[in-house]
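J.: Submitted below is the structure of interest, expressed as structure tokens.
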Amino acid sequence: MIQTDMKTFTESFCANIQSEERMVRQRALKDFLEFVHRELKPDDAPAVFTGSYLHIFRCYSDRFEIIRNLAITLIGELLDKLPTNDFYLEYIIPVIVRRIGKAETIEESEEIRLQLLEQLEVIIRKYADPNGSAGDPLLKSYDNIIDILVKTLKDPYPAAQKQSCDLVKLLAESTPSMHYRAEALVTPATGVLRHRHSANRIAAIEALGILALNIHSNAEKVVQIIVDISPLLMDSVPFVRRACGRVGCLMLLKLRDRYSFFYRILPLVLNCLTDDTVEVRDDIFVRWKEAGELYYKENETELSKLKLVDNTSASYPSEYERPTLPCRAIVQRSLRIINLVLHEMEEWKDDIRLHATKLLKIVILHAEKTFSTLFLEVNPVLCKTCMDSDKDVAAEALKVAQLCGVMLEYDTWSRHAQTEFSKFHTIGHLKCFHAMYHSAGLDRLKDLTKIACLLTDTEVCHQMHENYQHELLSFCESLIIDFHRVFTANEIEGLATETDRRSTEKLLYTVILKTAALSYEDCQTVRDRALQVLAKLNPQTGQLHEHHLADVINSLENLESSNSDAAESILLLAGAVFVCGFRRPYHDALCTALETALKHAIPQGKIKLFSSISIAMLRWTETMTISVEDQSTILDDFIKAIISPYLLWTAGRSAESVRSMATACLCSMSQGVDNGVFTALLPKELKTLTGLIEDNSIATRAYALRTLLAMGALDFENLKLIAFATVARLDDPSSEVREMAAICLGRLQLSVSADDDDSSARARWEATLKPIISTMFLHLENPELKLRAAILESLGRLVVHHNTLIKSLANEVEAGCPYKKDLDNILSHQ
């Protein structure tokens, strides 16, 4: 198009664009856009722009969106053909500022606001001068561009907000003057970090990272940026977390005075090295190594010397890859990071505590032995975290403790850890101490006895919480492994003396036994595990009991107090009886302790002890491996001192319950003790048992009758005493007692001494037995099948020795009697 025609076309456009009709303006813009796009040459563009720009810019504020859209597009096409001259920026940028850069946004359309930002991007790219070699053409419009971005970073339209973040990065790359007002963009960009779209959050993180590089004199603003980005390390989107790590690595490489900010920047990087997503870890790991390489170049003189002696220990944990020397050096000079980590490990949010604990682990992995100086400060917080309510946090804290045990020299932490544990006996301190001890080197073996002694503290081994007991047993298992290494395999010379062996064995036995004893009733899983651990100490657990239980019993305190069933001393004593039973080496100590405890305990405590005694008595034959004569003597003394005093009648419901449990002990004795031994002892207690058969308590009556099942042949006076008391129980209100009484009657057997006349004693006994058998006949009419079966069984036993008597009484029974046939069957088998 020749110059005259072009001028005419431009004038025509200017005239039409001022029309009141929208369609006329729209057509004019479209035609002019077509002309600029297809026919306008770059050499003619300045003249066309000069003749039309006022009319086009006026369309930026047209009330119709399509007109504004076409005007912006038209300016974009003109810009593409205009020379790179900052003269044109003085016209275009202010127009954009008026539309979207003022305190009150004039442009209502979201799409037009985005289009204006895209036009601004075109302008920045066109006039980019990163090195300032062209005189930095964007400098004159810099304030206006910043004003636009300050406003649009708060734009409610997500696409416009993301575009603004991208423009921040682009502007920083396009002008060397970005540092003049970079701080002004920090606050609005920070607001985008909370956007619901992950793409916007990523863009904001990247923009803030670039802004940090361009803030030259305000360190607090840089710190604010890092602090604001840090929470996004816990973002649910992996790419957001990766963006945080990338920004951290960028700062490590390019931030001004970055050495002083290392302790602030490192969490951004190190947290990503422990990320759950492989892609995030791998990406940041590569960039982290690059930062380390740069640090090595800058400090080569110092680090090259360290490199000569930097060898990986054979004990280095196989599950971790050792960081490079310069990466470790960066962390080791920035251990102020620990203060930030400890603060966040005590936050109330679970995810913050989890990430802080993971961060501590990676810091220790890099710090290695230089971390020793901070252990005293870290240990209390780490112990607290080991018992965190969140299982993931607690598990991660245990990994940290294990890493401390490996990385730090044993002597640097062991004394402090032992002192702390002796003061604070929480499960957290126990778990942390155990984890560190278990992962430490062979140096730990020298403290085996000392640590076992710590565990015998009553504040430790008297704990009743199940989780605590399980952890304590786990610690004991670790100590037992070391015990066998020292005293069986003799791995450490100078420690394997017999005195040390017995002393350590007793300490470990004490802890394990007390744990088993305290849980014998309420937690079977703990008790069973404790017995398994005890078997690891010595498969012959009976030998352990025989060697050490007396000392444990003698060490029990407060047995003279009015203890209830929940008192520690009662639980320990009852548990020891339940777990260990009765054995000769510690029998005297056990009896003394039981006698004292029963004398002073309240009824509930007495019941607890008698309950354990009754169970242990069932295993008497298994555990008391001594001669029958010695057993008789021991049992006689035991009954007199421990059981008999509590069989006597005393008023009150509590006394009744104690009497029932004492009777239960006699009953258990009748089943667990050798029959010949018990039969010899029983006559001494028959008078008491006769009273117990008529006791008000159903349980007492039942136990007393069950005890009599073990009786042998008795003299006439004792037999008569028992017989009438027992037959009276056939009318007992309790069916169980009635059945037991019926069975006991079959056990009545006369014993005649050499001094007595056999026929005379037998005649007297049969005269006594006659009404008893008649009573048994009457009760055969009872509708209870079990009672009738018990009576018939007893008659079958009695008929062996009293055939004539029973036959004569049976003959007196009328032929139509319902139990006549049963009697005939009994007699026919004789």
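The values are calculated or read from the model by the stated rules, or taken from the named source; none is laboratory data. None of these values were measured; they are calculated from a predicted model. Cβ coordinates were reconstructed from backbone atoms using ideal geometry, including for glycine residues, and neighbour counts include every protein chain displayed. The accessibility values were calculated without ligands, DNA or RNA, using every heavy atom of the protein model including side chains. Shrake-Rupley method; radii C 1.70, N 1.55, O 1.52, S 1.80 Å.
J.: Output the residues belonging to segment 242-264 that are among the hydroxyl-bearing types (Ser, Thr, Tyr) and under 16 Å from ASN218 (Cα atoms).
T.: Those that are among the hydroxyl-bearing types (Ser, Thr, Tyr) and under 16 Å from ASN218 (Cα atoms): TYR259, SER260.
J.: When the residues of segment 252-291 are filtered to those that are in contact with a Phe, Trp or Tyr (Cβ under 7 Å, 6 or more places away or on another chain) and open to solvent by less than 10 Å² (accessible area, probe 1.4 Å), which remaining residue is farthest from VAL331 (Cα to Cα)?
T.: Within segment 252-291, the match that is farthest from VAL331 (Cα to Cα) is LEU255.
J.: Pairs please, first residue from segment 303-329 and under 17 Å from LEU365 (Cβ atoms) and in contact (Cβ under 8 Å) with a residue 12 or more places away in the chain, second anywhere and open to solvent by 70 Å² or more (accessible area, probe 1.4 Å) and not in a loop (DSSP other than H, G, I, E, B), Cβ atoms under 6 Å, 6+ apart in sequence or on different chains.
T.: Between residues of segment 303-329 that are under 17 Å from LEU365 (Cβ atoms) and in contact (Cβ under 8 Å) with a residue 12 or more places away in the chain and residues that are open to solvent by 70 Å² or more (accessible area, probe 1.4 Å) and not in a loop (DSSP other than H, G, I, E, B), the close pairs are LEU325/LYS307.
J.: When you scan segment 319-335, do you find a residue that is in contact with a helix residue (DSSP H, G or I) (Cβ under 6 Å, 6 or more places away or on another chain) and of a type in the set (D, E, K, R), even just one?
T.: Yes, segment 319-335 contains at least one residue that is in contact with a helix residue (DSSP H, G or I) (Cβ under 6 Å, 6 or more places away or on another chain) and of a type in the set (D, E, K, R).
J.: Residues in segment 550-563 that are open to solvent by 40 Å² or more (accessible area, probe 1.4 Å) and touching a Gly at 6+ places or on another chain (Cβ under 6 Å): how many?
T.: 0
J.: Is there any pair linking a residue in segment 436-450 that is within 22 Å of PRO380 (Cα to Cα) and among the basic types (Lys, Arg) to one that is at pLDDT 90 or above and open to solvent by 50 Å² or more (accessible area, probe 1.4 Å), with Cβ under 9 Å and at least six apart or on different chains, and which?
T.: Listed pairs, sorted by first residue: ARG444/HIS438.
J.: Next question. Can you tell me which condition GLN3 does not meet? The list is (1) crowded, with 17+ Cβ neighbours inside 10 Å; (2) at pLDDT below 85, and all the others hold.
T.: (1)
J.: Does SER19 satisfy being out of contact with any Pro (no Cβ under 9 Å at 6 or more places or on another chain) and assigned to a helix (DSSP H, G or I)?
T.: Taking the combined requirement at face value, the residue does not satisfy it.
J.: Can you name the helices (runs of 4 or more DSSP H) wholly within segment 464-557 that have at least 3 residues being at pLDDT 90 or above and hydroxyl-bearing (Ser, Thr, Tyr)?
T.: Correct list: 466-487, 498-518.
J.: Taking segment 321-348 on its own, how many of its residues are open to solvent by 50 Å² or more (accessible area, probe 1.4 Å) and closer than 30 Å to SER389 by Cβ?
T.: Going through segment 321-348 one residue at a time, the tally reaches 8.
To keep it simple, each residue is scored yes or no on (1) over 24 Å from ARG281 (Cβ atoms); (2) outside any helix (DSSP H, G or I).
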position	(1), (2)
TRP348	yes, yes
PHE375	yes, no
ASN379	yes, no
SER389	yes, yes
GLN402	no, no
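J.: Can you pull out every residue in segment 98-123 that is among the aliphatic types (A, V, I, L, M), open to solvent by 10 Å² or more (accessible area, probe 1.4 Å) and either touching a helix residue (DSSP H, G or I) at 6+ places or on another chain (Cβ under 7 Å) or at pLDDT 90 or above (or both)?
T.: ILE106, LEU114, VAL122, listed by residue number.
J.: Let me ask something else about it. Among the residues in segment 655-662, are any open to solvent by 10 Å² or more (accessible area, probe 1.4 Å) and either farther than 27 Å from ILE743 by Cβ or over 45 Å from the mean Cα position of the chain (by Cα) (or both)?
T.: Checking segment 655-662: at least one residue is open to solvent by 10 Å² or more (accessible area, probe 1.4 Å) and either farther than 27 Å from ILE743 by Cβ or over 45 Å from the mean Cα position of the chain (by Cα) (or both).
J.: Still on this structure, please answer the following. Being open to solvent by 100 Å² or more (accessible area, probe 1.4 Å) and outside any loop (DSSP other than H, G, I, E, B) is the filter here; which residues of segment 776-814 pass it?
T.: Within segment 776-814, LEU778, LEU785, LYS786, ARG797, THR804, LYS807, ASN811 qualify.
J.: Here is a follow-up. If you take just the helices (runs of 4 or more DSSP H) that sit entirely in segment 186-267, which of them hold at least 1 residues that are under 19 Å from ASP283 (Cα atoms)?
T.: 198-213, 219-229, 238-254
J.: When you check ASP695 against the structure, is it more than 21 Å from ALA741 (Cα to Cα) and charged (D, E, K, R), yes or no?
T.: no
J.: Now for a separate question. Is it the case, given these coordinates, that LYS140 is over 20 Å from VAL95 (Cβ atoms), open to solvent by 30 Å² or more (accessible area, probe 1.4 Å), touching a helix residue (DSSP H, G or I) at 6+ places or on another chain (Cβ under 8 Å) and not acidic (Asp, Glu)?
T.: no
J.: Would you please name the residue that is surrounded by the most Cβ atoms within 10 Å (Cβ to Cβ), looking only at residues in segment 449-468 that are among the hydroxyl-bearing types (Ser, Thr, Tyr) and over 15 Å from LEU537 (Cβ atoms)?
T.: Here the answer is TYR468.
J.: Here is a list of conditions, (1) open to solvent by 30 Å² or more (accessible area, probe 1.4 Å); (2) free of Cβ contacts under 8 Å to residues at least 40 places away in the same chain, and GLU622 meets all of them except one; can you say which number that is?
T.: (2)
J.: Same structure again: Taking segment 703-736, which residues are open to solvent by 10 Å² or more (accessible area, probe 1.4 Å), small (Gly, Ala, Ser), within 56 Å of the chain's Cα centre (by Cα) and at pLDDT 85 or above?
T.: SER734, SER735
J.: What is the number of the single condition among (1) closer than 17 Å to LEU167 by Cβ; (2) surrounded by 20 or more Cβ atoms within 10 Å (Cβ to Cβ) that THR190 does not meet?
T.: (2)
J.: Would you tally the residues in segment 617-642 being of a type in the set (Gly, Ala, Ser) and within 18 Å of GLN671 (Cβ to Cβ)?
T.: Of the residues in segment 617-642, 1 are of a type in the set (Gly, Ala, Ser) and within 18 Å of GLN671 (Cβ to Cβ).
J.: A further question follows. Mind checking which residues of segment 568-601 are assigned to a loop (DSSP other than H, G, I, E, B), at negative phi and crowded, with 21+ Cβ neighbours inside 10 Å?
T.: Those that are assigned to a loop (DSSP other than H, G, I, E, B), at negative phi and crowded, with 21+ Cβ neighbours inside 10 Å: PHE582, ALA601.
J.: Answer yes or no as to whether TYR157 is more than 20 Å from LEU211 (Cβ to Cβ), crowded, with 19+ Cβ neighbours inside 10 Å and not small (Gly, Ala, Ser).
T.: So TYR157 fails the test.
J.: Does ARG242 count as farther than 18 Å from GLU368 by Cβ and at pLDDT 95 or above?
T.: So ARG242 passes the test.
J.: Among the residues of segment 750-765, is any at pLDDT below 85 and within 17 Å of LEU823 (Cβ to Cβ)?
T.: Within segment 750-765, none of the residues are at pLDDT below 85 and within 17 Å of LEU823 (Cβ to Cβ).
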